[in-house]
Amino acid sequence: MVRATLSFPSGFLWGAATAAHQVEGDNTNNDWWAWEQEPGRILAGHRSGKACDWWGGRWAEDFDRAAETGQNTHRLSLEWSRIEPSPAVWDDSALDAYRQMLRGALDSGLLPMVTLHHFTHPLWLAEKGAWHSDDIVASFERYTRKVVTALQDLVGFWVTINEPNVLAYGAYAGHDFPPGAGSMPKAVRALRNMALAHAASYRAIHELQPGALVGIAHHIRGFAPAKPGNLLDEQVARLRSRVFNETIPRVLTDGKFSMLGRSERLSGVAGTHDFFGLNYYTVERCSFDLTRPGQLFTRGSFPAGADLSPTGFIANEPDGLARALAWARRFGLPIYVTENGVEDPEDRLRPRYLAAHLRQVWKAVNVGNPVRGYYHWSLVDNFEWERGWTQRFGLWGLDTETQARLRRPSVDFYAEVCRANALSSEMVARYAPEALESLFPSHGPEGLDIERG
C-alpha cells in the first residue's frame, strides 16, 4: 500500500451544516409546518415535530460533539418566522435565543456561518405570495437589518439565501415544496426576486458590518447526457445545467438575469457576493423526453451499476464535485463547499463517499483553486423536507422517539480528517478500505504534496 497524506492549507475550515426548520422543532408559524399537516405532502406522512430539539436546547450538546471531534466551524440558519412572527413585529426573545446559540458555538470553538433564509417563510409572508410578493425585497431587507443589528458582534460570515435554484424549482416549477405552484414562469419570477432580495440584503449587511463576508449557498447538480453522442440528450443536459446551475451565480456576477428566453439587467445586483458557497451531492444523467415539458423535456436517472445511496436519491459521483469546483473557480471568489453528503442510515456508503469527495477537494486546492472550507451535510440526522425522516444524512444518527444521538463510524473518520487537516491512506484503509486502491493507487501518488510514509 502506498502510504500518503493529502494535507490541506493551514486555516482550512472543517465543519457541518444544519438548517433551522430541520433541527429546531416546533416551527409552527412557517409555511413548511403548515405543508406537513396536509395529507400526501411528506413521504410516509412524516412531520418535523421536535426535529432534533434544538429549540429545546440540544444544540449545545451537538456543538460540543462537533468541537470534540475536531470541527472548527458550523453552518446554521435562522428561522424568519420566529424572529418576525408578524409583519414588522419582532420577537426579541427569539433573537436572544439565537444569540445564546451563536455564543455557544463560539465558546465551543466553532466559527458560525449563518444563513438568513433556508427554504421556510413566515405564514404571513407565504399568504402574500412569498417570493411572488410585491414587497418581498423590502421585507427581506428589513429582516436582514434586524438580524444583523442584533447579531453582528457574533457573526461575520453570512449566507443570504440557501439554494435559490432548488427553492424556485421545488416550490414554483414543481410540487414538492410549498406552495407547489407547478409553473415554470412562476419559478423564473421567484428566481428574479431572490436575486434582487439577495442584493438588497448584501448591501444592508455591508452597510451595517463593512468587514463581513456575504454570499449564497448555491446548489450545483451535475447533468450529463444519458447517451453521450446523442444530440438530444446532450442538448437537454446543457439546457438543464445552464438554467439550473448558472442563472443565479451569473446574475450576481454581472447583473444579467437570463433564463428561458427572459433576459434583463438587474440594477444593483452585479458583484454582490464575496465568496462562492457550493452545495454538491451528485450527477444526474439526462434523457430527452418530449412528454416532460415541465422538466425541460428531460428524464433524469443514474446509470446502471451506479454506487447508489439506500433510497436511490444520490449516486456517488466525486468527479462531479471536481467539475463543479473547476466551474466555480471562474467567478474569481474564495470557495466554500457549504454542503456535501449522502443519506445512509447504516453508514456503509458514507465513508467511501466522504473519502472520495474530500480527495477531490484536496485536488482542487492542490492546483490552486481557492477552496477555503468544507461543510458536511449534516451534523445529525434531520427532517429532510418532502422526504421526511426517510433519509438519514447525519454523521450522528438520531432516534426521534428518545432524541438519543447515535455515533456512526463516519464521526470518527471525519474527526481524524479535521484534527489532522488532512486525508491519509491510513484513514481510508481503516474506514473505507474498499475505496483505498482508487483513492491511493498502488502505482503511486498523483500530487506533489503527498507525503510518502
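No lab work stands behind these numbers, since they all come straight from the coordinates. Just so you know, these numbers come straight off a predicted model, no measurement behind them. Quick reminder, even Gly has a Cβ in these numbers, built from the backbone with ideal geometry, and neighbours come from all protein chains shown.
Values computed for the structure shown
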item	result
Any hit, segment 179-186, residues being part of a helix (DSSP H, G or I) and either among the hydroxyl-bearing types (Ser, Thr, Tyr) or crowded, with 21+ Cβ neighbours inside 10 Å (or both)	no
Matching entry among ARG221, ARG240, ARG250 (being closer than 22 Å to TRP327 by Cα and free of Cβ contacts under 8 Å to residues at least 12 places away in the same chain)	ARG250
Within segment 16-38, tally of residues that are touching a residue at least 60 places away in the same chain (Cβ under 8 Å), over 19 Å from GLN391 (Cβ atoms) and either of a type in the set (Lys, Arg) or in a loop (DSSP other than H, G, I, E, B) (or both)	2
Qualifying residue in segment 212-231 (condition: more than 16 Å from LEU278 (Cβ to Cβ), in a helix (DSSP H, G or I) and hydrophobic (A, V, I, L, M, F, W, C))	yes
Every residue from segment 41-93 that is of a type in the set (Phe, Trp, Tyr) and within 15 Å of TYR375 (Cβ to Cβ)	PHE63
Qualifying positions in segment 29-55 - in contact with a Leu (Cβ under 9 Å, 6 or more places away or on another chain) and of a type outside the set (A, V, I, L, M, F, W, C)	ASN29, ASN30, ASP31
Which listed residue, of LEU278, LEU213, is closer than 19 Å to GLU163 by Cβ and crowded, with 21+ Cβ neighbours inside 10 Å	LEU278
Some residue of segment 117-135 being among the acidic types (Asp, Glu), within 30 Å of SER183 (Cα to Cα) and within 24 Å of the chain's Cα centre (by Cα)	no
Within segment 36-48, considering residues that are surrounded by 21 or more Cβ atoms within 10 Å (Cβ to Cβ) and out of contact with any Phe, Trp or Tyr (no Cβ under 6 Å at 6 or more places or on another chain), the one nearest to HIS117 (Cα to Cα)	GLU36
The listed residue being β-branched (Val, Ile, Thr), in a strand (DSSP E or B) and surrounded by 20 or more Cβ atoms within 10 Å (Cβ to Cβ), out of THR272, THR338	THR338
